[in-house]
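The values are calculated or read from the model by the stated rules, or taken from the named source; none is laboratory data. A quick note: this is a predicted structure, and the numbers were derived from the prediction, not measured. In this analysis, Cβ positions are derived from the backbone assuming ideal geometry, glycine residues included, and neighbour counts consider all displayed protein chains. Remember, those area values only see protein heavy atoms, side chains included, never the ligands or the DNA or RNA. Shrake-Rupley method; radii C 1.70, N 1.55, O 1.52, S 1.80 Å.
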Amino acid sequence: MLVFDTWQYFAHRYMHSNRYLYRHVHSWHHRVVAPYAFAAQYNHPIDGILIETLSGAVAFFISGMTPGTTVIFFIFSTIKGIDDHCGIMLPWNPFHVLFGNNTAYHDIHHQLKGSKYNFSQPFFVHWDKLLGTYAPYTVNKREDGGLEARIEKKSN
């Protein structure tokens, strides 16, 4: 998980910092303004290879996972990524209990003000915290029902 997250953080952040790659490749994924489950897999093929496929390959080779364990890990990672993009924060969701990187955390990244924050995916948030790209957030009840994730305002 650490190797997978490390690759994804740096590749994802680079996609945002390189104008060409963002405009022509990674922006496909951000065309979805309101995240929903299958938006996790909506991306340019090059984005899918550089972020998703290579992170898995590097994790496989470095960790020494068996082929069977690798299949289970990739399925788990895919389900986790879909959950992060589903736009629904349920209090009993085990992913939200086990991992700091959850639906609300990634929702912030997809908001216009959040596109320079919360690059970590899909498990941990340590790279964002260590490298200054962590955006603290609150989850608030909306007047018309449901919940909404918002970046916390910085106090001066």
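Of Val139, Val58, which has the most accessible area with a 1.4 Å probe, and how do the rest follow in descending order? Don't skip to the end; give the middle numbers.
Values: Val139 60, Val58 40 Å².
Ranking Val139, Val58 by accessible area, largest first, yields Val139, Val58.
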## Note on the structure
The FRET efficiency for Thr78 and Val32, from their Cβ-Cβ distance with R0 = 22 Å and rounded to 0.05, is 0.80
### Query
Which whole-number percentage describes the relative contact order of the chain, with Cα contacts under 8 Å and a sequence gap of 6 or more?
22
### Message
Please check: in the Gaussian network model of the chain (C-alpha springs, under 10 Å), which one of Trp92, Trp28, Trp127 has the largest mean-square fluctuation.
### Response
Trp92
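For region 29-88, with all protein chains present and a 1.4 Å probe, just round the carbon and sulfur fraction of the accessible area to a whole percent.
Details: 2530 of 3290 Å².
Within region 29-88, the accessible surface is 77 percent carbon and sulfur.
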### Query
Once the Cα atoms of helix 54-63 and of the chain are each reduced to a long axis, what angle between those two axes, in degrees from 0 to 90 to the nearest 10, is obtained?
60
### Task
Using a/c under 1.5 as the rounded threshold, could you call region 95-140 rounded, prolate or oblate? The axes a ≥ b ≥ c are square roots of the C-alpha gyration tensor eigenvalues, and prolate needs a/b larger than b/c, oblate otherwise.
oblate
### Task
Mind telling me which of His24, His96, His106 comes out most flexible in a GNM of the chain, alpha-carbon contacts under 10 Å?
His24
### Query
How do 62-68, 141-147, 9-15, 120-126 rank on mean C-beta neighbours within 10 Å, highest first?
120-126, 9-15, 62-68, 141-147
### Task
State in Å² the accessible area per residue of the chain; use a 1.4 Å probe, count heavy atoms of protein chains only, and round to the nearest integer.
60
### Query
If you find the alpha carbon centre of region 1-32 and of region 58-107, how far apart are they in angstrom?
17
### Task
Tell me which label goes with the value of Rg and Dmax of the Cα atoms in Å computed from the coordinates here: [x] 22.6, 73; [y] 15.2, 48; [z] 15.4, 52.
[z]
